[in-house]
Amino acid sequence: MSRVKSVREEALAAIAVAPGQDELEQLRVRYLGRKGTLTQILRGLGEVPAAERPALGALANRAREDVERAIAARRQDLADLAEEGRLAAEAVDISLPGAPWPVGQRHIVNQVRLEIEEFFLHLGFSIAEGPEVELDYFNFEALNIPRGHPAREAQDTLFVTGDLVLRTHTSPVQIRAMRARAPELPLRVICPGRVYRRDTPDASHLPAFHQVEVLAVDRGITFGDLRGTLELFARHLFGAEARVRFRPSYFPFTEPSTEVDVTCVCGGGGCPTCGGSGWLEILGAGMVHPRVLEHGGYDPGEASGYALGVGIERTAMLRHGIDDIRLFLQNDVRFLRQFGGEA
Ligand code: PHE
């Protein structure tokens with residue numbers, strides 16, 4: 001009897017701390033297997049005196065049941081523990097902030113281009129395009145830029161061949177657009193695009209930059225139309241308080257010609273961006289020269305028009321107080337990200 005009790009105690013104690021399923025199986029074999037301790041005891045009952053047999057048998061059977069139950073319980077516990085461990089290892093902390101996923105944005109030059117386009121599209125203009133490698137004829141000749149004009153010299157223009165150039169402005173698209181539409185009226189187009197000049201890069205020059213050309217041709221277009229359009233345009237780009245001022249200027253393809261200033265971002269009080277004057281020069285414009293209308297296929301006796309050309313980088317610089325045009329090409333995200341809010 002005491003042997004059964006001590007075997008039972010020993011077995012239950014070992015089972016309770018069995019570290020794994022394999023060890024538990026070894027314990028089962030040791031106590032309940034064919035040659036297991038309790039099995040042997042039960043088998044040996046026949047040799048026990050008949051008077052003691054029932055009591056010993058009952059005790060041994062209970063011990064076997066207890067050990068079986070303990071093994072089953074421990075097996076379940078170990079399985080539960082393993083499952084818990086697995087779940088803990090797989091756990092995802094859904095309260096952690098996610099990894100940042102950087103989202104790109106439009107380059108500031110494209111943002112400003114789109115703003116300019118949007119303004120003129122709303123006024124009924126459409127977008128025209130022309131080649132960046134342009135015929136001398138469209139870039140100069142048809143725009144009334146005479147032979148001998150400094151813009152036609154090799155120190156200012158990038159020539160591809162004798163009569164092919166990298167366009168030095170978007171104005172050649174004026175001629176192409178007129179030719180595509182003449183003699184139909186009205187014609188209202190804008191041409192955004194890249195232009196090239198033979199300049200050494202510095203804070204205010206790049207050999208390639210962007211312009212938007214604007215051209216309106218119709219019966220009875222006057223300088224007043226140009227002025228009104230530019231007043232609205234300036235407010236669109238520089239805010240409701242912005243005003244424009246016109247200074248006489250000269251372009252071979254417009255007559256009269258003007259350079260247009262807009263009130264500085266400082267509000268007109270004077271700051272480093274405007275050099276204290278309160279005004280920023282933003283574009284060149286004028287009434288389309290009669291000879292240019294003729295090259296475009298229009299009769300200057302019937303049609304008149306205005307044209308303007310605005311630099312995109314320059315507009316962005318003036319608006320945001322950027323003091324070096326080269327920043328647009330360096331693609332330093334610390335610079336570019338400052339203009340993230342607009343598109
Ligand atoms: N093409 C001129 C330039 O590049 C700008 C301009 C366009 C001026 C249209 C008048 C009219 O400087």
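The values are calculated or read from the model by the stated rules, or taken from the named source; none is laboratory data. Fair warning: this is a prediction, and the values are worked out from it, not measured in the lab. Using ideal geometry, Cβ is built from the backbone for each residue, glycine included, and neighbour counts are taken over all protein chains shown. With ligands, DNA and RNA removed, areas are computed over all heavy atoms of the protein, side chains included. Shrake-Rupley method; radii C 1.70, N 1.55, O 1.52, S 1.80 Å.
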Inset, instruction - Take the residues in segment 191-209 that are outside any loop (DSSP other than H, G, I, E, B) and within 11 Å of the ligand (Cβ to nearest atom), then tell me which one is farthest from ALA128 (Cα to Cα). - result: PHE209
Legend entry - Flag for ARG106 being surrounded by 13 or more Cβ atoms within 10 Å (Cβ to Cβ), more than 25 Å from GLY33 (Cα to Cα) and charged (D, E, K, R): yes
Inset, instruction - Of the numbered conditions (1) more than 14 Å from the ligand (Cβ to nearest atom); (2) open to solvent by less than 10 Å² (accessible area, probe 1.4 Å); (3) not in a strand (DSSP E or B), ASP299 fails exactly one; give the number of that condition. - result: (2)
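Are any of the residues in segment 302-312 open to solvent by 70 Å² or more (accessible area, probe 1.4 Å), within 16 Å of the ligand (Cβ to nearest atom) and part of a helix (DSSP H, G or I)?
Checking segment 302-312: not a single residue is open to solvent by 70 Å² or more (accessible area, probe 1.4 Å), within 16 Å of the ligand (Cβ to nearest atom) and part of a helix (DSSP H, G or I).
Can we say GLY124 is modelled with pLDDT of 95 or more, assigned by TED's automatic domain parsing to the domain that holds ALA216, surrounded by fewer than 13 Cβ atoms within 10 Å (Cβ to Cβ) and among the small types (Gly, Ala, Ser)?
On the way: modelled with pLDDT of 95 or more: yes; assigned by TED's automatic domain parsing to the domain that holds ALA216: yes; surrounded by fewer than 13 Cβ atoms within 10 Å (Cβ to Cβ): yes; among the small types (Gly, Ala, Ser): yes.
The answer is yes for GLY124.
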Legend entry - In segment 201-233, the residues that are at pLDDT below 95 and open to solvent by 70 Å² or more (accessible area, probe 1.4 Å): SER204, HIS205
Inset, instruction - Could you pull out the residue among ASP324, ASP225, ASP218 that is closer than 17 Å to ILE190 by Cα and more than 16 Å from the ligand (Cβ to nearest atom)? - result: ASP218
Inset, instruction - Starting from segment 113-124, take each residue that is over 14 Å from THR229 (Cβ atoms) and list its partners that are not basic (Lys, Arg), counting only C-beta distances under 6 angstrom and pairs at least six apart or across chains. - result: ARG113/PRO192; ARG113/ILE312
Inset, instruction - Return a yes/no flag: does segment 255-275 have any residue that is buried (at least 20 other Cβ atoms within 10 Å of the Cβ) and either within 13 Å of the ligand (Cβ to nearest atom) or not assigned by TED's automatic domain parsing to the domain that holds PRO150 (or both). - result: yes
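Looking only at segment 140-181, filter to residues that are among the hydroxyl-bearing types (Ser, Thr, Tyr) and assigned to a loop (DSSP other than H, G, I, E, B); which one of those is surrounded by the fewest Cβ atoms within 10 Å (Cβ to Cβ)?
Once the filter is applied, the top-ranked residue is THR157.
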Inset, instruction - May I ask you to list the residues in segment 276-292 that are open to solvent by 20 Å² or more (accessible area, probe 1.4 Å), more than 10 Å from the ligand (Cβ to nearest atom) and not basic (Lys, Arg)? - result: GLY276, SER277, TRP279, GLU281, PRO290
